[in-house]
Amino acid sequence: MIKNVMDRLQQLAVPRRKPKPTGPRYGAMLDRTVAWGIDIFIIYSVLAPVIDWLLRPLYGASSAGALYAAKQENIRALFSAGEAAFRQMQPALLVQAPSFHVFIKENLVGYAVIGVLIVALQCLFANTPGKWVLGLQIVRRGDHAPLKGWRYGLRYVAYLVSVFPFMLGILWIDFNKERRGWHDMVVGTVVLQTRERGWYWQQLKRGFLCAKNKWKPAAANDA
């Protein structure tokens with residue numbers, strides 16, 4: 001009996017290795033958020049002049065400086081309307097404010113223009129810069145086949161379904177096994193992580209070794 005107890009204690013003391021998960025790896029919400037941020041930063045930097053040009057009639061501005069001043073004035077008016085709505089407990093005051101309508105139109109223009117380029121990149125290369133950097137790939141659910149062009153367009157529009165109700169459709173990614181947001185459910189897609197676990201760490205070590213080997217001969221010559 002004592003031997004059995006000792007054997008059991010020894011088994012508990014040895015850490016068990018968890019079996020490696022099998023099957024496809026799905027893109028986590030953090031990876032997808034970072035990829036989206038990279039996409040927006042790059043694409044907005046390219047398209048900012050086009051978006052500003054389209055917004056000039058909305059604000060009645062004839063130049064870039066006048067547009068900037070009009071945007072700042074609208075933001076101040078929007079905050080004032082929001083403050084009044086909060087004080088009086090009447091959300092309708094914010095929704096009815098002209099500054100709110102202008103704000104919504106401005107964001108829809110930017111969303112549409114950015115969407116044209118994102119969908120075009122996805123149709124041409126089946127990916128975007130951010131997802132390429134993070135090793136993510138959008139595919140059809142089930143057979144993981146590449147998407148057709150119309151699915152990319154519909155998926156981009158379906159982001160509105162995920163974003164507007166307090167980002168619930170985006171947060172939903174972390175609450176299901178396939179890491180699907182509401183926009184993925186609308187279109188029937190999943191986002192796969194195409195890189196193996198530890199890939200970034202391996203690249204970091206490789207970069208460190210390359211830098212070390214590059215500078216080592218120089219240091220020897222200096223000596």
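Restricted to the range 44-78, and to residues that are hydroxyl-bearing (Ser, Thr, Tyr) and surrounded by fewer than 16 Cβ atoms within 10 Å (Cβ to Cβ), which residue is farthest from the chain's Cα centre (by Cα)? Step through it out loud before you land on a result.
Residues of the range 44-78 that are hydroxyl-bearing (Ser, Thr, Tyr), as a first pass: 44-45, 59, 62-63, 68.
Imposing the further condition that a residue be surrounded by fewer than 16 Cβ atoms within 10 Å (Cβ to Cβ) reduces the set to 44-45, 62-63, 68.
Details: Tyr44: 14, Ser45: 16, Ser62: 34, Ser63: 32, Tyr68: 27 Å.
Going through the qualifying residues, I end up with Ser62.
Of the helices (runs of 4 or more DSSP H) entirely within the range 139-223, those holding at least 3 residues that are within 19 Å of the chain's Cα centre (by Cα) occupy 149-163, 168-171, 182-187. Answer yes if at least one residue in the range 148-162 is over 25 Å from Val109 (Cβ atoms) and among the aliphatic types (A, V, I, L, M), and no otherwise. No, the range 148-162 contains no residue that is over 25 Å from Val109 (Cβ atoms) and among the aliphatic types (A, V, I, L, M). Checking each residue in the range 142-158 for being among the aromatic types (Phe, Trp, Tyr) and buried (at least 19 other Cβ atoms within 10 Å of the Cβ) picks out Tyr152, Tyr156. Only a single criterion out of (1) at pLDDT 95 or above; (2) touching a strand residue (DSSP E or B) at 6+ places or on another chain (Cβ under 8 Å) is not satisfied by Ser99, namely (2).
Rundown of residues vs (1) within 30 Å of Asn74 (Cα to Cα); (2) without any contact (Cβ under 8 Å) to a residue 24 or more places away in the chain; (3) out of contact with any Lys or Arg (no Cβ under 9 Å at 6 or more places or on another chain), yes/no style:
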residue: Gly115; (1), (2), (3): yes, no, yes
residue: Ile118; (1), (2), (3): yes, no, yes
residue: Ile138; (1), (2), (3): no, no, no
residue: Leu154; (1), (2), (3): no, no, yes
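With respect to Phe208, determine if the residue is loosely packed, with under 11 Cβ neighbours inside 10 Å, under 27 Å from Leu47 (Cβ atoms), aromatic (Phe, Trp, Tyr) and without any contact (Cβ under 8 Å) to a residue 60 or more places away in the chain. Judged against the criteria, Phe208 is not a match.
The values are calculated or read from the model by the stated rules, or taken from the named source; none is laboratory data. Here the structure is a predicted model, which means the values were calculated and not measured. For neighbour counting, all protein chains shown are included, and Cβ atoms are generated from backbone atoms with ideal geometry for every residue, glycine included.
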